[in-house]
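Colleague: So that we are looking at the same thing, I have put the structure below in structure tokens.
We did not get these values from a lab; they are worked out from the coordinates using the rules stated. In this text the structure is predicted, and so the values were computed from the model without any measurement. Backbone-built Cβ (ideal geometry, glycine too); neighbour counts: all protein chains shown.
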Amino acid sequence: MIAADVFRDQPTLVGDLIRLEPLTPSVLEDYPVALGDPEVRRLTGTHAVVGCASVADWLATRQEHRNRADWAVMRNADGAFVGQAVLNDLDAGNASVNYRVWLGGDHVFGQGYGTETTRLVVRYALETVGLHRVSLGVYDFNPRAQQVYLECGFVHEGRLRETLFWDGEWHDELLMSVLSTDPPRMP
């Protein structure tokens, strides 16, 4: 059985390119800029532009939540903030959780940060925490992210039709998951 406060002692996860640090107000200067990037907003389906005051309030409460893990994705080379990774919607009774990740714009896309972030988070969730299932949703217009998830062991499960209206068009959300019993695909 998974404890409802399983993320109480959220660790820093370290890879070759990035490290995932528990999300705190230390990234307040960079967070709203990255999240406000038009491409980041499109890829995450975020219609609202979030102001600095609400971001500050939100960042200040991240460590109070024991049923989710929020990480700042930090580049090892220079310590720059490049995005966020989240495990949320914990279902302790069924040992499952949702995964979300976003990277802060074109200047950090295509460099392996999303793949390494996903591998670190999935390994932590399934091997360290002992969860059975990690699921996610990704929009149909984001093949780059879909490929990353497939490389990290996720499989397609379904499609939620026309969940996002963006620039005058409806888009589907693709559902994917990885299970602790799936054959390993992560190095």
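Colleague: At least 2 residues that are of a type in the set (Val, Ile, Thr) and surrounded by 13 or more Cβ atoms within 10 Å (Cβ to Cβ) in each: list the helices (runs of 4 or more DSSP H) lying fully within segment 1-83 that qualify.
Modeller: Answer list for segment 1-83: 38-44.
Colleague: Counting only residues that are on the phi > 0 side of the Ramachandran plot and within 17 Å of the chain's Cα centre (by Cα), how many does segment 128-161 have?
Modeller: So the answer is 1.
Colleague: Filter segment 75-101 for residues that are out of contact with any Phe, Trp or Tyr (no Cβ under 8 Å at 6 or more places or on another chain) and closer than 17 Å to Gly15 by Cα and give the result.
Modeller: Asn76, Ala77, Asp78, Gly79, Ala80, Val101
Colleague: Let me ask another. Among the residues of segment 10-60, write down those that are acidic (Asp, Glu) and over 19 Å from Tyr99 (Cβ atoms).
Modeller: Asp16, Glu29, Asp30, Asp37, Glu39, Asp57
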